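Peer 1: Have a look at this one.
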Amino acid sequence: MTCRAALSAFALVVGALFAGAALAITLAEHPARMELEPRLAALPSVPSSKRAAWMHVPLALLCFLDGVVA
């Protein structure tokens, strides 16, 4: 496997991880919050958003940088 092919495969894997995390939030977490009353729906969002940022930001940066290099 060439270096370019390895970088392309890595970009694909990282992009799939990012998309999977985004789908989990969109399909599971967000609808669950919408079932709560508005005051309660906003409360768990802050800790959850902080945890998601630690996952989404590095994945997005890795995918972008790897895509540029590949």
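Peer 1: Being modelled with pLDDT of 80 or more, of a type in the set (Phe, Trp, Tyr), out of contact with any strand residue (DSSP E or B) (no Cβ under 7 Å at 6 or more places or on another chain) and open to solvent by less than 80 Å² (accessible area, probe 1.4 Å) is true for just one of PHE18, PHE64, PHE10. Which residue is that?
Peer 2: Only one candidate passes the filter, namely PHE18.
Peer 1: Would a scan of the range 21-41 turn up a residue that is at pLDDT 80 or above and surrounded by 11 or more Cβ atoms within 10 Å (Cβ to Cβ)?
Peer 2: Scanning the range 21-41, I find at least one residue that is at pLDDT 80 or above and surrounded by 11 or more Cβ atoms within 10 Å (Cβ to Cβ), so the answer is yes.
The values are calculated or read from the model by the stated rules, or taken from the named source; none is laboratory data. Remember, it's a predicted structure, so these values are computed and weren't measured experimentally. Every residue, glycine among them, receives a Cβ derived from its backbone with ideal geometry; neighbour counts consider all protein chains shown. Keep in mind that these areas ignore ligands, DNA and RNA; they rest on the heavy atoms of the full protein, side chains included. Shrake-Rupley method; radii C 1.70, N 1.55, O 1.52, S 1.80 Å.
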